[in-house]
1. Just to verify a number: FRET efficiency for Asp18 and Asp324, C-beta to C-beta distance, R0 = 45 Å, to 0.05?
2. Restricting to DSSP loop positions (anything but H, G, I, E, B) with no more than 13 other Cβ atoms inside 10 Å of their own Cβ, which trypsin sites (Lys or Arg not before Pro) remain in region 280-350?
3. Show me 551-558, 407-414 ranked by packing, highest mean number of other Cβ atoms within 10 Å first.
4. For region 11-50, what is the convex hull volume of the alpha-carbon atoms per residue, in Å³?
5. Quick one: if the Förster radius is 45 Å, what FRET efficiency do Glu88 and Asp689 give, using the C-beta to C-beta distance and rounding to 0.05?
6. Can you give the translational diffusion coefficient of region 236-337 in µm²/s, computed by Stokes-Einstein from the Kirkwood radius over Cα pairs at 10 °C and 1.306 mPa s?
7. Determine ³J(HN,Hα), in whole Hz, for all residues of region 157-167 in sequence, where each value follows from phi through the Karplus function 6.51 cos²θ - 1.76 cosθ + 1.60 and θ = phi - 60°; x replaces Gly and Pro.
8. Give, rounded to the nearest 20 debye, the magnitude of the charge dipole that the chain has about its Cα centre when Lys and Arg contribute +1 at Cβ and Asp and Glu contribute -1 at Cβ.
Amino acid sequence: TEFSRELYAPIGPGGAEDAARYGRKAANLSRLAGLGMPVKPGFAVAADVVSALADRGAAALGPGFEAALAELAPGALLALRASPGRKEWGGPATLLNLGASVEGLEPRIGPCAARDATRRLIHAFAVHVGGADPEAFEYALHDLLKAHGADSEHDLDADQLDELIETFLDLHEEETGDPFPASPAAQLAAAMGAMARTWASTSARLLRVSRGGPEQGGLALIVQEMALGLGAGLSGAGRAAFRSERSGAPGIEGRMLFQAQGNDALAGLRTPRLIGAAERGEAGVRDPSLEEAAPEIADRLRALGAKAERAFQDAMTLEFTLEDGELFVLGAEPTRRSARASVRISVDLAKTGAISEEDAVLRVEPRTLSELLHPTIDPRATRDRIARGLPASPGAASGPIVFSAEAADAAAARGVPAVLVRVETSPEDIRGMHSAAAVLTVRGGMTSHAAVVARGLGTPCVVGCSGLSLDLEARELTAPDGRVFREGDQITVDGAAGEALAGAAPTVQPEFSGALAELMGWADRLRRMRVRANADTAQDARVALGFAADGIGLCRTEHMFFEKGRITPMRRMILADREADRRAALEVLLPMQRADFIGLYRVMQGRPVTIRLLDPPLHEFLPHPDEEIDDLAEVTGLTLRQLRRRIADMQEFNPMLGKRGCRLGITMPEIYQMQARAIFEALAQSWTDGPLVRPEIMIPLVSARREASLIRRDIDQIAASVAEETGKGFSYKIGVMVETPRAALRAGDLAGDMDFLSFGTNDLTQMTYGLSRDDAGRFMRDYVNSGVFAEDPFHSLDIEGVGELMMIARDRARETRIDIPLGLCGEHGGDPASIRFCEAAGFDYVSCSPFRVPIARLACAQATV
Ligand code: PEP
Ligand code: MG
């Protein structure tokens, strides 16, 4: 009847194509059959039947089951497979060879293969259906092999295999309390019942809920005639992919075994054969590949793979069985792939017209791009190697050594990402690995925790540097050559070469591959928001332009003053008692600052450049208590006592909430006046046919309208005088950073006087939570691990809280001025989830660190769809 054909749908077109009812595997198999691929006959048992089976037992099968079974070839061996809605939900193990018997098979496939298939069935049935202890079977096999002096079951003759079958039949009864059922129908019914119950068990339910699956229902089954990988002629089983997992380039790859079934080739019991000739050269595989041993079969597989890719509009891996030289397809699933391969495959598919360019853009996870965008060590640099290990995750990075995840978090919060050095890592270290510039471990292999996590994060990582010894107590690292490195010492991790180097090695920037450049071009056509970069120097700006940033969204000018030769005049300026002295020091700084801006303008020709006036508390520029200050006393003309006194006077209880940002600009107006003059003089000096850029001057840490309007008045005056002095007319913008809650609430006022607003979400997050951005690292890991916060709000924007404040600010600002440009320049500007929020909120741009610009461009494009 129609009804029972819905419960038991044949594999094939018009059959089990609905993945919601018959599972992903059955749906794919039906499509493969519909494409004319060699698929053995079978039917899918709908998920409804399977859940009834778990509740009510075999009675739930009904008459439709008999009818479906009757359509299969009489006497055929059957395979029973789980077909969950999604592969990730897991599912009970496949049962093969149902109905196998020595008498039935021997004429077809010979005495040994017939016995091999039969003992496999009894073994698997006892364990997976009867719940027998798998070890009992392993021991029995082991004892028998030993008794006959055989290495593996493949060395046993027919009589010995008969003995094994007898032993397994006895064990079945001993272990499960029942004799092994002789009738194929009884085997099948019992196996289906066992799968249904396994799926409904508490542990399976918990597991699939944790993987995003449904608690109830959701498992269909596939009953299918077997393609026998054992016996006569060329027989075997394996999996083949038609794109390189690493690069995405076309080419056949995979593993197979002759005289094998199901997943044997992946199980590691025997050394598998590679599929493609080009894969050879991999260690440990000696036999010729399938392509070399049977080129016509490899060709047939290749044709099937190409067909599947076209039909599924994706690179597909095929599961196959070879039965006496004949190829059968058992399943298809998307090929596993690296980030690079994912880009290549999406772009190839779009270029052949299989998918749209928009689909290609949507298919690549923005975060994974970081894997393709990392710098490498300059090949011309001299390498001072400390240790060698395994190249676990690509990219090269330097930083001070830290020995704990907490220390890595704390270092990143201070803006100096560190190299995390551990014996090995564990899940508690994940947050620290997030903030680390690179990871180095003494133990572990390519699939160790550190390696897997670092690759996922795109963080350079070298594992298994067994020559290193760590003394965590003394916080020291000893290299094989005896050199000792302490916490804070600079080292470099070269994740591509698998080496750790002393010092900070020079790096070169990665080049965009053709496919990536193409994909980014499509993303750029799709996106609405602009992506600017946070770049403080001309060098940063060049990197940003290399990644096609639309401009600079944040130049933190304070970073220009930490350099050698500048810190002293800066300190003189800060320590000056009288305005005149301060002005004199600023006179020295002015040309330096002007040169910096000329450098930036030259790189950014024509693009917006947002320059933020000095922001941090001034004492950040002062010498540390243990630093030598005699020289400083000399240049400032103060006695050592006076100098110490002045430094002490400048200490604040809570500097992040103290005299910083525009509060400096208001109380010491000469500082911002100097910066404004440098901005405009640089503009005049880099004039060619007109101004190179149109600067956007940004005032930090504003909380009141009057602060911004006072500073604006000064800047406008300076612009006018520089214009008069140079005879050039400038156009520029002045805006504020919205980074205090009050600025957000009063955005309506601010929009009245300002040309743009840029959300500084680092400070805004800090102040909205009342949570120090420099100290959050100490406990954020515990907070996130124990679920107090879903995410670190300094990594991914807190949309509920900080986001609401931003929406209030947006609405109030736009009420004053409907078209006021809105941007975001905190760390969140490179985070895809935060970018989605900005797109939905109708912002004009995000600004992020140069390396995250491509990620942001892709995320912006995806957010528009
Ligand atoms: C911010 O606060 O978000 C910001 C961009 O400024 P900074 O990180 O320099 O404080
Ligand atoms: Mg800030």
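No lab work stands behind these numbers, since they all come straight from the coordinates. Computed from a predicted model, the values in this text were never measured in an experiment. All Cβ positions, glycine included, derive from the backbone under ideal geometry; neighbour counts span all protein chains shown.
1. Values: r = 34 Å, r/R0 = 0.75.
Working from the Cβ atoms, E equals 0.85.
2. Details: sites: Arg280, Arg286, Arg300, Arg302, Lys307, Arg310, Arg336, Arg337, Arg340, Arg344; in loops: Arg286, Arg336, Arg337.
Those that pass, being in a loop and sparsely packed, are Arg286, Arg336.
3. Values: 551-558: 23.4, 407-414: 21.5.
Listed from highest to lowest mean packing, they are 551-558, 407-414.
4. Values: hull volume 2.1 nm³, N = 40.
Roughly 53 Å³ of hull volume per residue.
5. On the way: r = 59 Å, r/R0 = 1.31.
It comes out at approximately 0.15.
6. Details: Rh = 13.4 Å.
Answer, rounded: 119 µm²/s.
7. 3J(HN,Hα) across region 157-167, in whole Hz: 8, 4, 5, 5, 5, 4, 4, 5, 4, 4, 4.
8. For this selection, approximately 3340 debye.
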